[in-house]
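Everything below concerns the one structure shown next.
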Amino acid sequence: MIKKQIRKNDLNFFQRTYITEIFKGLSLTFRKIFQKKFTRQYPEEKWNPPISFRGRPVLVQEKNGTERCVACMLCARVCPALAIEIQADETFEYSKERYPKKFEINMLRCIFCGFCEEVCPEEAIVMSQEFELVFSSQDEAIFGKDKLLIPKEKLQNRLEFLRQYR
Amino acid sequence: MFEVFIESVLKIIIFFTVLISSSAYLVLLERKICAYVQDRIGPNRVGFKGLLQPLADLLKLVTKEDIVPKNANKFIHHLSPIISVAIAFSTMAVIPVGDTIEIFGKEIKLQIADVNIGILYILSLTSISVYGIALSGWSSNNKYSLLGGLRSSAQMISYEISMGLAIIGVVMTAGSLELDEIVKSQAGFKWNIFLQPIGFIVFLVASFAETNRTPFDLPEAEPELVGGYHTEYSGLKFGLFFLAEYTNMIIASAIIVTLYFGGWQIPFGENFISSSVVLSITQIFSFLIKVGLMLFFFILVRWTVPRFRYDQLMNVGWKIMFPLSLLNILITGIFYFLF
Ligand code: SF4
Ligand code: SF4
C-alpha cells in the first residue's frame, strides 16, 4: 500500500506550529536516556562470534604436525583478492605427493569471503573465529605457514559446521 | 576605592574560573547526553567514568598544528576567535547569581558589575559577537567559511530584533532595565514565564538562533558548508570558537533564567530558611540548578530537532517571531493599561 504523502495543508493548527511535535520528540529522546544501552566495552568485554562467522582463514594441521593441504592451488585460483600465494613441492611422506613448501596469505588483501574454504577439496583451509588482526607493517601482514597452521582439534567446531552443508 | 577594586578582581577571577571550567565540562555533558539519547555510553575512558575527558580534549587541541590559509588575512584570522571568546565571557559580567551577601561585615553583590542598563549591555554585546563569526568567515578566504559567516550575520541580526522586543515585555513587567531589579520583581511565583509566555517562547527561540545551536545551527551546517565559519581554523583557535560556543550557551541559559525563571529566587524560600547566609547560598545553588536544567534542555533539543532550511529560518524569524513579539508587547501594554 502506498502511504499518502502528508502535505502542509493536511496538518491542523497545532501540528503546524511544530510546538506539540517538538515536545513529542523531546519526550522520546528524554525517555531514551534511561533506556538500556547497547554498547559493548570492547577490550574488556569480548565478543564470541557464532560458528558461522568468517574470521581469518587458517590451515588445518593434522596430528602428525603436517598440514592437510595438498597444494592443489584451487584456493589461490579462486581467491578474488589474490591474497594467497602457494609454492608446491613433492613429498613422499604421509601418503600425499604434493605439499605447499610456502603458503602465504596476505591479510591486507584478504576480504574474508570464504571462497578458499568453499573450494578446498581437502578441507585444508577453513575460516577461524579470530577477528583481532593487528599489524604494524606491511611485511607483518603476510601470514606464513607458521601463523596459519592451527591444530585440527581447535578447528573441530568449524569442520563439523562445514560438514552439515556438504 | 582600593577595596572595591580587590573585590571586583576576586569576583572576576571566581566567575571566570567557574565559567571556563563549566563550559569545558558542558562539552562532556553534551557528548554524554548525545550518547545516551542514541543508546550509547559515550566517553568513559579518561579518568573515572571519563571525567577527565575535557583535559584530554584540551591536550589534543593544544598539540594540533595551527594552520593559517595561504591568502587569509592573518591579523583578522587571529583576531576573530579572540573577539568571539572575549565577548562570550564579558556578557557574564552583569548577570546576578545571587542576592547581596554579607561576608565579614561587608555587603557584597553577587554580580561583577551592577550596571543599571544590564539588559542593554547584554543586547549590545550579543550583537557584537556577530563580528567574531562574520570576520572569521571573511578572513579565511574560503567560500564555505564566507557563506557560514554571512548566514550567521543575517540570522543573528534577524533574531536579535525579536529578542529585543521580547525583552521589552520583561522590562515592562519589572519596570527596570537593571537585571537585579528584574530578578527581585519575580519574587514568589511571579516568574516571567507565567506572566509572559509568548515573550518567553520568542526569547527562547531567539536564544537558540543567537547561540547558533540546532535547530538553527545553519552557520555550521556540515552537509552544505563543511564546518561553516570555522572550516579553516585548527588547533587552539578552533578551540576558542568551541569554547565561545559553549560559553554562549551557558550565558544564554543564565539570561533566560534571570529574565524568565526568577533568577536566583527560591519561591517562598525565605519562609523556610531563617539564616541569611544559608539562604544566600541556597539561592546561588538554585540559580545554578536552574541554569543546569536550561542547559540540559538546550542539549536535548540539539539531539531531537533537525536543522531548519535557510528560508524556513528566515520565515520563522520574520513572519512568526517578529509579529509574536510585537503582539506580546501589545498584550502586556493593554494589560498594564487596564489594571
Ligand atoms: S577468504 Fe577470500 S580473500 Fe581471503 S584468502 Fe580466502 S578466498 Fe582469498
Ligand atoms: S584448495 Fe585446499 S588443498 Fe588446495 S591448495 Fe588450497 S588449501 Fe591446499
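Sorted from greatest to least, the principal axis extents spanned by the alpha carbons of chain B come out as 61, 48, 47 Å. The aspartates and glutamates whose alpha-carbon is closer than 20 Å to the alpha-carbon of B:LYS106, local same-chain residues fewer than 8 away aside, are B:GLU3, B:GLU7, B:ASP114, B:ASP180. Here the Kirkwood formula, the inverse mean of 1/r across different C-alpha pairs, assigns the protein assembly as shown a hydrodynamic radius of 27.9 Å. If R0 equals 56 Å, the separation of the Cβ atoms of A:LYS3 and B:GLU3 corresponds to a calculated FRET efficiency of about 0.20. FRET efficiency for the pair B:LEU338 and B:ILE157, taken as 1/(1 + (r/R0)^6) with r the Cβ-Cβ distance and R0 = 22 Å, rounds to 0.05. Where the centre of each part is set by its Cα atoms, how far does region B:40-109 sit from region B:229-262, in angstrom? A separation of 8 Å, based on Cα centres.
Considering only B:GLY169, B:GLY263, B:GLY42, the mean-square fluctuation computed in a Gaussian network model of chain B, springs between alpha carbons under 10 angstrom, is largest for B:GLY42. Over the protein assembly as shown, dividing the summed -39,500 (n - 2.57) contributions of all DSSP H runs of at least 4 residues by the number of residues returns a 222 nm mean residue ellipticity of -17000 deg cm²/dmol.
Shielding value for B:299-310 is 3, the average number of Cβ atoms from other chains within 10 Å of each residue's Cβ.
Cβ distances below 4.7 Å define possible disulfide partners, and in the protein assembly as shown the cysteines left without one are A:CYS69, A:CYS72, A:CYS79, A:CYS110, A:CYS113, A:CYS120, B:CYS34. The A:ARG98 and A:ASN48 beta-carbon pair, evaluated with R₀ = 41 Å, returns a calculated FRET efficiency of approximately 0.65.
If you wrap the Cα atoms of region A:57-164 in a convex hull and average its projected area over all directions, you get 6.7 nm². Net charge in the neighbourhood of B:ILE251 (other residues with Cβ under 12 Å of its Cβ; Lys, Arg +1, Asp, Glu -1) is -2.
The order of the peptides A:110-118, A:33-41 by mean Cβ neighbours within 10 Å, most packed first, is A:110-118, A:33-41. Note on region B:62-338: with charges restricted to the Cβ of Lys and Arg (+1) and Asp and Glu (-1), its dipole about the Cα centre is near 480 debye. In region B:26-65, what trypsin sites (Lys or Arg not before Pro) fall in a loop by DSSP, with at most 15 other Cβ atoms inside 10 Å? Counting only loop positions with at most 15 other Cβ atoms within 10 Å, the trypsin sites (Lys or Arg not before Pro) in region B:26-65 are B:ARG40, B:ARG45, B:LYS64.
Taking chain B as a Gaussian network, Cα atoms linked when under 10 Å apart, which of B:PHE298, B:PHE272, B:PHE261 shows the biggest mean-square fluctuation? Evaluated over chain B, the most mobile residue of the options is B:PHE272. Where a ≥ b ≥ c are the square roots of the eigenvalues of the C-alpha gyration tensor, would you call region B:189-245 rounded, which needs a/c under 1.5, or, failing that, prolate if a/b is larger than b/c, or oblate? The shape class here is oblate. Taking each residue as 0.36 nm, the span from A:GLN138 to A:ARG109 lengthens on full extension beyond its C-alpha to C-alpha distance by 9.4 nm. Within straight cross-link reach of B:LYS109, meaning Cα distance under 26 Å, which lysines are found once same-chain residues fewer than 8 apart are removed? Reachable lysines: B:LYS11, B:LYS184, B:LYS190, B:LYS290. Near A:PHE38: Cβ cut-off under 10 Å, other residues only, Lys/Arg at +1 and Asp/Glu at -1. The net charge is +3. In chain B, which whole DSSP H runs stretch at least 30 Å along their own axis (Cα) and average 0.0 or higher on the Kyte-Doolittle scale? What comes out of the filter, once short or polar helices are dropped, is B:2-37, B:118-139, B:143-174, B:235-260, B:276-302.
The mean sequence distance of close C-alpha pairs (under 8 Å, at least 6 residues apart), as a share of the length of chain B, puts its relative contact order at 23 percent. The 1.4 Å probe gives accessible areas that order B:ARG302, B:ARG309, A:ARG77, largest first, as A:ARG77, B:ARG309, B:ARG302.
The distance between label points at B:VAL18 and A:GLN156 comes to 6.8 nm (points 7 Å beyond Cα on the Cα→Cβ vector). Each principal axis of the Cα cloud of region A:1-81 was taken in turn, and the coordinate range along them, longest first, works out to 80, 37, 22 Å.
Between the Cα long axis of helix A:19-33 and the first principal axis of chain A there is an angle of about 40°, rounded to the nearest 10. For A:LYS101, the shell of other residues with beta-carbons less than 15 Å away shows a net charge of -4, using +1 for Lys and Arg and -1 for Asp and Glu. DSSP finds beta bridges in the protein assembly as shown, and of those with both partners inside it, around 85 percent are antiparallel. Extending 7 Å from Cα along the Cβ direction at B:LYS64 and again at A:ASP89 yields two label points whose distance is 5.4 nm. Take the cross-link list A:LYS96/A:LYS145; A:LYS24/B:LYS32; A:LYS101/A:LYS152; A:LYS46/B:LYS32 and give me the ones stretching past 26 Å between alpha-carbons. Over 26 Å Cα-Cα: none of the listed pairs.
The values are calculated or read from the model by the stated rules, or taken from the named source; none is laboratory data. A quick note: this is a predicted structure, and the numbers were derived from the prediction, not measured. All Cβ positions, glycine included, derive from the backbone under ideal geometry; neighbour counts span all protein chains shown. Surface areas here come from the heavy atoms of the whole protein model, side chains and all, with no ligands, DNA or RNA. Shrake-Rupley method; radii C 1.70, N 1.55, O 1.52, S 1.80 Å.
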